[in-house]
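Heads up: the structure comes next, in structure tokens.
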Amino acid sequence: MNKNLRLLAVPTLALGMVAMAGAPAMADHANGSYTVDFQQLSGTTGTATFAMDIDDKTATVNLQVSGLGETFMDAPYPHVQHVHGGAQGVCPTMADDADGDGIVSTTEGAASYGGIQTTLGTSGDTSPAAGLNLELAGQGGSYSIERTFEMNAETLDAIEAGTAVVVIHGLDPATSSSEEAFNAPSDLEPSLPLGATSPALCGVVTASQMGAMPEGGADTGVAQSTTNNMGMIALGGGLVLAAAAGGTFMVRRNAANNA
Ligand SMILES: [Cu+2]
């Protein structure tokens, strides 16, 4: 009903602010090959590999995911994933669990990895606007995304500056580091469990060939000043899952206990 429209409104506004804050990209400065060494967050036991080549503005991505949460609401678990950027260019750790509830929430992770810059969907739109499109999300616990697309200037800038971070969302209730994460309401949408909106896998985009990524651009005033806006956008990734559940989520205390 009106719920989805309301959920979409905030991240759209936030994205506009970031677009204005970003500096123009120098096209081919991000050229090269990149990999991501994923870290498992908040009890995640799944894994992923990521390889990417960039030639001018053309990105060829190969993302292989396995072992994440498989089902959500008795349907394939929609795992959205994005290239985040423009913040510290690091992944959060349990030290970022500010409220001490046992997991790193989307809100708690945003200061580390920033907002959505590219949506790594299975097809179609790769812009931040598609970050909320569940139809483009990875489906189930294991899937692959292999595609070539034109990467936007903001993401190329982030890669060049070393602040680009790939984040795959959606904790598995069966392995989450905190049972409370699936008994407590999400920081984004009270009708959802906290774990369903939280980052599961995270890794910094790292050059795998010499000379691909000039250094020195990460500590600009622009990047720092946009941190708050980035946080708002990062919340958007979690809101996708809120839309998926449609307000009918049922707390799966038993599923978590029986892991
Ligand atoms: Cu994300």
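Quick notes on this structure:
- Gyration tensor (alpha-carbon) shape descriptor, region 64-217, a/c threshold 1.5: oblate
- Averaged over residues, the count of other Cβ atoms within 10 Å places the peptides 75-82, 48-55 in the sequence 75-82, 48-55, highest first.
- Whether region 27-98 is rounded, prolate or oblate, judged on the alpha carbon gyration tensor where a/c under 1.5 counts as rounded: oblate
- For region 119-193: rounded, prolate or oblate by the Cα gyration tensor [a/c cutoff 1.5]: prolate
- Sites Met94 and Asn183, calculated FRET efficiency, Cβ-Cβ separation with R0 25 Å, nearest 0.05: 0.85
Quick note: the coordinates plus some simple rules give every number you see, no bench work behind them. For clarity, every value in this text was computed on a predicted model and none was experimentally measured. So basically every Cβ, Gly included, is an ideal-geometry build from the backbone, and we count neighbours across all protein chains shown.
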